[in-house]
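Below is one structure, written out as structure tokens; comments come after it.
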Amino acid sequence: MTHAFAPLIGQQQAVELLTQAVEKNRIAPAYLFVGSDGVGRSLAARCFVELLFSSHQNRVRQGNHPDLLWVQPTYLYQGQRLTATEATEKGLKRKAPPTIRLEQIREITTFLGRAPLEAPRQVVVLEQAETMAEAAANALLKTLEEPGQATLILIAPSVESILSTLVSRCQRIPFYRLDIAAMAQVLTQTGHEEILQHPEVLSVAAGSPGDAIASYQQLQVIPPELLKTVTTVPSTYHEALELAKQIDKDLDTEAQLWLVDYLQQFYWQHQRQPSMIKQLEQTRKSLLCYAQPRLVWECTLLSFVIRH
């Protein structure tokens, strides 16, 4: 039965817990797949659904099984809900992160309001469950109390990131960051072995192949001249202010947050100055609080000039 999880690398405990649940017919009404982004939680969920719907594996892979509902955080744009992928395809510049909305939880309730059509049970997967606002989380709580013929899988980075009342109704399945060998195996098998030649990207990923791939893709879209400039400490106040202006002009908030991570790793490897790392951590916090990005970068880069 573990062959169902063959695509998943380095998460033996999770595989064991989930296969045992199926073998012993003790499938929980709700699971919490908890662990860092990019380590295989979504892939494990898909493998688990294929195992539960063993006679409908192809339809699960194609994403069109009538008894499977896969929920992702969304943006609101001109009255439409768009996933992060759809927003990127439309070229939208996003300032706030996507969220799982109350309307999506209501759609789950409607979905579970009918009996399964083909499989023995219905399955709902909620990616990035930590993005639920309190109203959405409370609405989901009612569903978890009476799931009927269904299994819900919540995917989140930590137990603390979602309401404790939701956690208490889920069986926890832990996922861990991968070691170097497993990272190399995943990146090679998925055709991303070139990432292994970029130590800063691997450091940013910290054992998460998904983060490594996303980080490398982000690296490719940042203008090379900007990246070259930003990895050199500005020598004058004028240079610092011009660079802050350029970062704000060329990069959206998501790219700026990635740049903070990249610079922390770069400056630690090349400068070994804890004060710069600490300043960049403050930059991240300010950007997450939706402070004016150009002003945030001006303060950061001016502080670098003063230190040097």
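Between LYS24 and GLU281, what length in nm is gained on full extension when 0.36 nm per residue of separation is reduced by their alpha carbon distance?
The LYS24-GLU281 span can extend by a further 87.8 nm.
Given the rule -39500 (n - 2.57) for each run of at least 4 DSSP H residues, summed and divided by the residues of the chain, what is its mean residue ellipticity at 222 nm, to the nearest 500 deg cm²/dmol?
-16000 deg cm²/dmol
Which residue fluctuates the most in the chain, going by a Gaussian network model with Cα springs under 10 Å, if the choices are GLY191, GLY35, GLY207?
GLY191
Give the percent of DSSP beta bridges with both residues in the chain that are antiparallel, rounded to the nearest 5.
DSSP beta bridges in the chain are roughly 20 percent antiparallel.
Filter the trypsin sites (Lys or Arg not before Pro) in the stretch 1-41 to those in DSSP coil with at most 11 other Cβ atoms within 10 Å of their Cβ, and list the result.
Here the trypsin sites (Lys or Arg not before Pro) that fit, given the DSSP loop and packing criteria, are LYS24, ARG26.
Could you state the per residue volume, in Å³, of the convex hull enclosing the Cα atoms of the stretch 150-202?
Roughly 118 Å³ of hull volume per residue.
Roughly what % antiparallel, to the nearest 5, for the DSSP beta bridges in the stretch 2-174?
Taking every DSSP beta bridge with both residues in the stretch 2-174, the antiparallel ones total about 20 percent.
Would you grab the residues whose amide H sits under 5 Å from the one on LEU152? Only those 5+ places off in sequence or on another chain, please, with H modelled 1.01 Å from N.
Those qualifying (amide H under 5 Å, at least 5 residues apart or on another chain) are ALA30, TYR31, VAL124.
Beyond a 32 Å Cα-Cα separation, which of these cross-linked pairs lie in this structure: LYS142/LYS285; LYS24/LYS142; LYS249/LYS278; LYS142/LYS278?
Distance filter (> 32 Å) returns LYS142/LYS285; LYS142/LYS278.
So what is log10(I(q)/I(0)) for the stretch 180-307 at q = 0.14, 0.19, 0.22 1/Å, when the Debye sum runs over its Cα atoms only?
Here log10 of I(q) over I(0) equals -0.61, -1.05, -1.32.
To the nearest 10 degrees, how steeply does helix 41-52 sit against the main Cα axis of the chain, on a 0 to 90 scale?
The angle comes out near 10 degrees.
When the Cα centres of the stretch 148-211 and the stretch 125-139 are compared, how far apart do they sit, in Å?
Using only Cα atoms, the two centres lie 19 Å from each other.
Considering only PRO97, PRO29, PRO223, give the residue with the highest GNM mean-square fluctuation for the chain, with springs between Cα atoms whenever their separation is below 10 Å.
Ranking PRO97, PRO29, PRO223 by mean-square fluctuation puts PRO223 first.
For the chain, what number results from the quotient of the Cα radius of gyration and 2.2 N^0.38 Å?
1.11
Give me D for the stretch 1-154 in µm² s⁻¹, whole number, from Stokes-Einstein with Rh from the Kirkwood sum over alpha-carbon pairs, 37 °C and 0.692 mPa s.
It comes out at roughly 199 µm²/s.
Hey, in the GNM for the chain with a 10 angstrom Cα cutoff, which one of ALA139, ALA45, ALA30 fluctuates hardest?
ALA139
Helix 209-221: angle to the longest alpha-carbon principal axis of the chain, degrees 0 to 90, nearest 10?
Between the helix axis and the principal axis of the chain, the angle is about 40 degrees.
Given the options THR99, SER303, ALA135, identify the residue whose Cα lies farthest towards the positive end of the charge dipole of the chain (+1 on Cβ of Lys, Arg; -1 on Cβ of Asp, Glu).
ALA135
For LEU76 and LEU43, what is the calculated FRET efficiency with R₀ set at 30 Å and r taken between the beta-carbons, to the nearest 0.05?
Between LEU76 and LEU43 the formula returns 0.60.
I'd like the orientation of helix 102-112 relative to the chain: the angle between its Cα long axis and the longest Cα principal axis, in ° from 0 to 90, rounded to 10.
20
A short reminder: the numbers here are calculations on the coordinates, not readings from a lab. Just so you know, these numbers come straight off a predicted model, no measurement behind them. Neighbour counts run over all protein chains shown; Cβ positions are idealised from the backbone, glycine included.
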